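Before I ask anything, here is the structure I am working with.
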Amino acid sequence: MTGGVGPDFGVLGPVTAWDADGDAIDLKGPRHRSVLARLIVARGRLVPVSRLVDDLWTDPPADAVGAVRTFVAALRRALEPDRPPRTPARLLVTEGPGYALRTAPDTVDAWRFEQAVADAATLSAEEAGVRLDEALGGWRGPAYAEFDEQPWARTESRRLVELRLYAVELRAEALLDLGHADRVAADLRAHAAEHPWRENAWRLLALALYRTGRQADALDVLRTARALLAADLGIDPGPDLRALETDILRQSGRLDRTPDHPAGRVWEQVAAAYDRAVAPDARARLESTAGLLRDLALTGGSGLPAAREHRVAAVAAAEELGDAELTARVIGTYDVPAIWTRLDDPEQAARVVAAAERTLKALPPEGHEAAKARLLATVALESRGTPLARGPQAARQAEDIARRLDDPALLAFTLNASFMQCFDRTGLAPRRDAIGAELIALAARHGLSTYEILGHLVRLQARSALGDFTTADQHATAADALAARHERPLVGVFTGWFAALRKDATGQASPAEAEAAYRAAATLLDGSGMPGLARGLPPLALLCLRLRHALPLRFDPHTDWGPYAPWAHPLLLLDQGHRTAALDALRATPEPPRDLLQEALWCLTARAALALGDGRTMARAHTALTPAANELAGAGSGLLTLGPVSTYLNDLETALR
């Protein structure tokens, strides 16, 4: 918003207006907002009343003209509340047979965005990057969100979407010129996956990966682009992509545009000074290592598994010194936000949990409350998705301590632990949504960017579970903006998958297009360092999609289903006509783990039980799923869906009568 003396208008998301203080103006109902949006699309030109009638109604009522005039009068009162009676309107003016919105170019967010993109082409790389970051941060959702499929808004909405995609790639060009290849690679993973036909996105992503020393990954990206273009459009890559592939294979020197960075020099100088000043066996070095490991984990890629491995070694080294307080600090410093409920390395996690429990017992009974809260939160986080009964108790104790101490960073850490232990039954999306909202508010007040991102991802998942994809999309946009600003590349994995889910769940794509989106999203998992998320997820997403649309399953017998094999196999055997084997597999299927996918896995069990007439399993599934009657199965993961849980409950109830 401009913060000027009159209202500002927003169409980069739901159509809205703000007053001079930045407060939202009550625009009444959807027809009122439709009139305002239609006039903004006209860019100050006259729109006849007859055109407004045609645009507002498919079958206009008898008093349509009078209704339009009523809407306009209400808008005038809302937009110019201080205008004296019987004086001409200044903003929404009457001209001849219709109306026009006369407002300055800098009062409409879409017009400001257009100007920012145009200006960026004339600025230095650094200035362009800053300007485009600000401009892209102004998007609150799809342009003209609630009207983007109306004939009068469709062209403008799609034009703005295309301009936004161009701006994302223009920003990537600027960042590459500045040498920020790591950030570009992180930013463009999700962008290329969500818009797989944009060759420039694949080109920039591959170039960024090459400049970070990941030649194999760069070539893999180009091969993925080639396969998608061939399979779905029947075309070969354009000359720019072909030339880049050739240059990478030849390791052409013209690709290595990596300027000398002051940050890099400072890092090397400080690291050398630290190495000289601090003895190799100093305890301070161990504590500093723990902090570095936390930062390394947030870089994603190979940094995450390396951080996990060295973390266990650092904890063991601290325990060997016999100093419980030091060990508590080394364990508790690793407060890396966690959004996925399945562990990446259960063995390493179990070792950390054991060390945290030993340290809790070794600390003096009085004092050290913050250290104890961090240890308890660690126990809860590192035991997520396991049957360890200690996890929920540890999360509650940690959160209670943090609230008593009034420590924002500690509270954010413990709220993450509470989120991870918030799966004791199905249907708990509203509870997780509340945790996400508290995390966002807390983190925004106290500058805790990683937890602000976490809060947005938590709410993305929760709102998806509740079928509220408009709000979920706003949280995805906010998370992406924060991730770009604070260099958090793993965020793009989750928002990229969410983009595929949104297309699928909202009917924006055909089954074939949705499958292509999921396959593109699967490329985001490559090199993410999150096997707990990656293993088995792509085929599970496709299984859910094909089941929902009653499509043949057609899975390769060598498909790696990972931890989801027990729930997939009965349905795969049924699809092949092996009913006896399917029934045996169903009866051997365990209860789903209490995590983000438990509703989806219960629905897979229910589907197999219904097909096989297994009443006992149907009754178990019905009992488990009843609390989630108002949710979309699996959508709470932010990754995939089997559709409304209520559909499965209705089918189960009918079969059990």
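The values are calculated or read from the model by the stated rules, or taken from the named source; none is laboratory data. This structure is a prediction, so every number in the text was calculated from the model and none was measured. Don't worry about glycine lacking a Cβ; one is built from the backbone with ideal geometry, like all the others, and counts go over all protein chains shown. Surface accessibility is based on the protein's heavy atoms, side chains included, excluding ligands, DNA and RNA. Shrake-Rupley method; radii C 1.70, N 1.55, O 1.52, S 1.80 Å.
Would you mind finding the one in A441, A417, A434 that is under 30 Å from E591 (Cβ atoms) and either surrounded by fewer than 24 Cβ atoms within 10 Å (Cβ to Cβ) or without any contact (Cβ under 8 Å) to a residue 12 or more places away in the chain (or both)? Give the steps one after another, and end with the answer.
Values: A441 fails: under 30 Å from E591 (Cβ atoms); A417 fails: either surrounded by fewer than 24 Cβ atoms within 10 Å (Cβ to Cβ) or without any contact (Cβ under 8 Å) to a residue 12 or more places away in the chain (or both).
Residue meeting the stated conditions: A434.
Looking at the stretch 1-24, which of the residues that are under 20 Å from A89 (Cβ atoms), among the aliphatic types (A, V, I, L, M) and modelled with pLDDT of 90 or more is surrounded by the fewest Cβ atoms within 10 Å (Cβ to Cβ)? Working first, answer last.
At the first step, the residues of the stretch 1-24 found to be under 20 Å from A89 (Cβ atoms) are 4-9, 15-20.
Then keep just the ones that are among the aliphatic types (A, V, I, L, M); that gives 5, 15, 17, 20.
The next check asks that each one be modelled with pLDDT of 90 or more; those that pass are 15, 17.
Details: V15: 24, A17: 26.
Per the stated criteria, the residue is V15.
Step by step: first the residues of the stretch 593-616, then only those that are within 25 Å of L388 (Cα to Cα) and not hydrophobic (A, V, I, L, M, F, W, C), then the one that is farthest from the chain's Cα centre (by Cα). Which residue is that?
T605
How many residues does the stretch 106-142 hold that are outside any helix (DSSP H, G or I) and among the aliphatic types (A, V, I, L, M)? Give the steps one after another, and end with the answer.
Looking only at the stretch 106-142, we keep the residues that are outside any helix (DSSP H, G or I), and these are 108, 121-124, 137-142.
Imposing the further condition that a residue be among the aliphatic types (A, V, I, L, M) reduces the set to 108, 121, 123.
So the count comes out to 3.
Return the residues of the stretch 126-154 that are among the hydrophobic types (A, V, I, L, M, F, W, C), more than 25 Å from A472 (Cα to Cα) and either crowded, with 17+ Cβ neighbours inside 10 Å or in contact (Cβ under 8 Å) with a residue 60 or more places away in the chain (or both); say none if nothing qualifies.
Filtering the stretch 126-154 down to residues among the hydrophobic types (A, V, I, L, M, F, W, C) leaves 128, 130, 132, 135-136, 139, 143, 145, 147, 152-153.
If we keep only those that are more than 25 Å from A472 (Cα to Cα) as well, we get 128, 130, 152.
Passing the criteria: A128, W152.
Something else now. Are any residues in the stretch 621-644 among the aliphatic types (A, V, I, L, M), in a helix (DSSP H, G or I) and farther than 15 Å from A609 by Cα, and if so, which ones? So that I can check it myself, show each step before the final result.
Step one: of the stretch 621-644, the residues among the aliphatic types (A, V, I, L, M) are 621, 624-625, 628-629, 632-633, 635, 639-640, 642.
Those left that are additionally in a helix (DSSP H, G or I): 621, 624-625, 628, 635.
A628, A635 - these are the residues of the stretch 621-644 that are among the aliphatic types (A, V, I, L, M), in a helix (DSSP H, G or I) and farther than 15 Å from A609 by Cα.
Now for a separate question. Hey, among the residues in the stretch 565-616 that are surrounded by fewer than 21 Cβ atoms within 10 Å (Cβ to Cβ) and of a type in the set (S, T, Y), which one's nearest to A633 (Cα to Cα)?
Once the filter is applied, the top-ranked residue is T589.
Now a separate question. Which residue is nearest to I440 (Cα to Cα), if the candidates are limited to the stretch 384-407 and must be modelled with pLDDT under 95 and open to solvent by less than 40 Å² (accessible area, probe 1.4 Å)?
Restricting to residues being modelled with pLDDT under 95 and open to solvent by less than 40 Å² (accessible area, probe 1.4 Å), the top hit is R384.
Filter the stretch 521-564 for residues that are small (G, A, S) and part of a loop (DSSP other than H, G, I, E, B); which is most open to solvent (accessible area, probe 1.4 Å)? Before you say what the answer is, go through the steps one by one.
Start the filter on the stretch 521-564 by keeping residues that are small (G, A, S), which leaves 521-522, 527-529, 532, 534, 536, 541, 550, 562.
Next, only the ones that are part of a loop (DSSP other than H, G, I, E, B) stay: 527-529, 536, 550.
On the way: G527: 50, S528: 6, G529: 17, G536: 5, A550: 88 Å².
The qualifying residue most open to solvent (accessible area, probe 1.4 Å) is A550.
Which residue is modelled with the lowest pLDDT, if the candidates are limited to the stretch 111-124 and must be open to solvent by less than 30 Å² (accessible area, probe 1.4 Å) and farther than 20 Å from L39 by Cα?
Let us first name the residues in the stretch 111-124 that are open to solvent by less than 30 Å² (accessible area, probe 1.4 Å), namely 113, 116-117, 120.
Then keep just the ones that are farther than 20 Å from L39 by Cα; that gives 116-117, 120.
Working: A116: 90, V117: 89, A120: 85.
Ranking the candidates gives A120 first.
Take R33 and decide whether it is basic (K, R), touching a Ser or Thr at 6+ places or on another chain (Cβ under 9 Å) and at pLDDT 90 or above. Before you say what the answer is, go through the steps one by one.
Values: basic (K, R): yes; touching a Ser or Thr at 6+ places or on another chain (Cβ under 9 Å): yes; at pLDDT 90 or above: yes.
It is true that R33 is basic (K, R), touching a Ser or Thr at 6+ places or on another chain (Cβ under 9 Å) and at pLDDT 90 or above.
For the stretch 441-520, give me every one of the helices (runs of 4 or more DSSP H) that falls completely inside it and has 1 or more residues that are under 28 Å from A230 (Cα atoms). Show your work before the answer.
Details: elements: 449-465, 469-486, 491-505.
Filter on the stretch 441-520 gives 491-505.
Residue-by-condition table, conditions (1) hydroxyl-bearing (S, T, Y); (2) touching a Ser or Thr at 6+ places or on another chain (Cβ under 9 Å); (3) open to solvent by less than 40 Å² (accessible area, probe 1.4 Å):
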{"site": "L298", "(1), (2), (3)": "no, yes, yes"}
{"site": "S302", "(1), (2), (3)": "yes, no, no"}
{"site": "A306", "(1), (2), (3)": "no, no, yes"}
{"site": "E309", "(1), (2), (3)": "no, no, no"}
{"site": "V312", "(1), (2), (3)": "no, no, yes"}
{"site": "G322", "(1), (2), (3)": "no, no, no"}
{"site": "G332", "(1), (2), (3)": "no, yes, yes"}
{"site": "T341", "(1), (2), (3)": "yes, yes, yes"}
{"site": "D345", "(1), (2), (3)": "no, no, no"}
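Another question, then. Only one residue in L101, L75 is under 27 Å from W139 (Cα atoms), touching a residue at least 60 places away in the same chain (Cβ under 8 Å) and open to solvent by less than 20 Å² (accessible area, probe 1.4 Å), so which one is that? Break it down stepwise before answering.
Numbers: L75 fails: touching a residue at least 60 places away in the same chain (Cβ under 8 Å).
That would be L101, the only listed residue that is under 27 Å from W139 (Cα atoms), touching a residue at least 60 places away in the same chain (Cβ under 8 Å) and open to solvent by less than 20 Å² (accessible area, probe 1.4 Å).
Please specify each residue of the stretch 380-425 satisfying the condition of being assigned to a loop (DSSP other than H, G, I, E, B) and touching a Leu at 6+ places or on another chain (Cβ under 9 Å).
Applying the first criterion (assigned to a loop (DSSP other than H, G, I, E, B)) to the stretch 380-425 yields 383-389, 406-407, 421-425.
Matches in the stretch 380-425: S383, R384, G385, T386, Q421, C422, F423.
For the stretch 230-257, give me the residue count where each residue is farther than 20 Å from H180 by Cα, modelled with pLDDT of 85 or more and crowded, with 17+ Cβ neighbours inside 10 Å.
Here the count works out to 2.
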